[in-house]
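Notes for the one structure printed next.
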Ligand SMILES: Cc1cc2nc3c(=O)[nH]c(=O)nc-3n(C[C@H](O)[C@H](O)[C@H](O)COP(=O)(O)OP(=O)(O)OC[C@H]3O[C@@H](n4cnc5c(N)ncnc54)[C@H](O)[C@@H]3O)c2cc1C
């Protein structure tokens, strides 16, 4: 295994359980990382950046429902399947999996309209048959259509006061149309997410601003702390703290490349870094219960609360390679966060972080055999934490049985060459 991030370690763990002798090499497992081995779940001192992978920065949302807006049906299906495997995966690792779910909330009338537009582009929706209630998905359907969290969107086409985020009238596709009954069923469940008005929202989450107009509850979009997951995996899988410069140097029958953005150089595949800036705050435990995914006066932000009072506030998304936390990003994230939850202004800022999502031309992962010796598991973009369990099972099975699971077919690593 090359890469001891969340993907490489999960695969290594599943391979070892199937009786395969595994060695995991990781460039930053020791020495290069700011944090020593065994301390991966601790906070990073302010102003420091770790060279550890994206897992160290990730918020840990398991957002098969909320993130499905952007992606292809095949990726949506993979996300749903992985979300289904998370409870067992977390239980085996002894890692907490809070189950309050996610509240998607919108602050202003324009935010409500924006949320509606994004939900309407969700793969499980038909174009609305009602000419007054929604627009057809345009030519960019299936691609990321709007502003990223932490970025300002363009001008809105006008307020739709009193409307709620959620599916437009018009119904959903039948479960089977998405190519998988489980995926279809899941998307239907998500689409039927419980819509909440302002008072119901504040009953569910009292710290929300009274200005929040509308929202909905996605009970199955959970969260996990990726640092705790990696720390638990590192107790189970031995990591050799070495950088691999050339796959030919490895003395192994089979090599799995799960090196995040490092995969590009090692395997010559189109994996690019997509910069994300994110903050960690610390407040009173219990200030928030749910993950909050918010539309706040034209900005997107998410808040991921941990049981110990930590709240992750994320994240920007830029096609950049630097590791600078900018004043503008901090300003935008905090403005959106405190607009939604004013009490966050009293929290301590404990970390300001940059990570690089390993992303591909279609932002879907590269999963499968590249040649007789090399298997790739990389390019998980915004959802590598969510996708870790299904990736680990499918790649371990591929290596042990030699047979690719049909779920892998759309993600062939050679599809861009
Ligand atoms: C700001 C931000 C927020 C995110 N939030 C979420 C979220 O809420 N939910 C979610 O599901 N995903 C999230 N992600 C995405 C997620 O972090 C990634 O998809 C995931 O970490 C990818 O896992 P990985 O193991 O492939 O890569 P990484 O986590 O990047 O790990 C790669 C590992 O490979 C090692 N490596 C690299 N090159 C070499 C080499 N030559 N030799 C040896 N070792 C090498 C590195 O040291 C590293 O440990 C977020 C990402 C960012 C940046």
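The values are calculated or read from the model by the stated rules, or taken from the named source; none is laboratory data. These numbers were taken from a predicted model, which means no experiment stands behind them. Backbone-built Cβ (ideal geometry, glycine too); neighbour counts: all protein chains shown.
Some notes on this structure:
- Taking the listed residues 19, 5, the one that is modelled with pLDDT of 95 or more and within 12 Å of the ligand (Cβ to nearest atom) is 5, with no other qualifying.
Residue by residue, here is whether (1) within 13 Å of the ligand (Cβ to nearest atom); (2) at pLDDT 95 or above; (3) over 25 Å from residue 394 (Cβ atoms) holds:
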residue: 233; (1), (2), (3): yes, yes, no
residue: 255; (1), (2), (3): yes, yes, no
residue: 260; (1), (2), (3): yes, yes, no
residue: 269; (1), (2), (3): yes, yes, no
residue: 273; (1), (2), (3): yes, yes, no
residue: 293; (1), (2), (3): yes, yes, yes
residue: 298; (1), (2), (3): no, yes, yes
residue: 313; (1), (2), (3): yes, yes, yes
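- Filter result for the condition that a residue is crowded, with 19+ Cβ neighbours inside 10 Å, under 16 Å from the mean Cα position of the chain (by Cα) and more than 11 Å from the ligand (Cβ to nearest atom), over 364, 396, 388, 337: 364
- Test result for residue 293, farther than 30 Å from residue 267 by Cα and crowded, with 18+ Cβ neighbours inside 10 Å: yes
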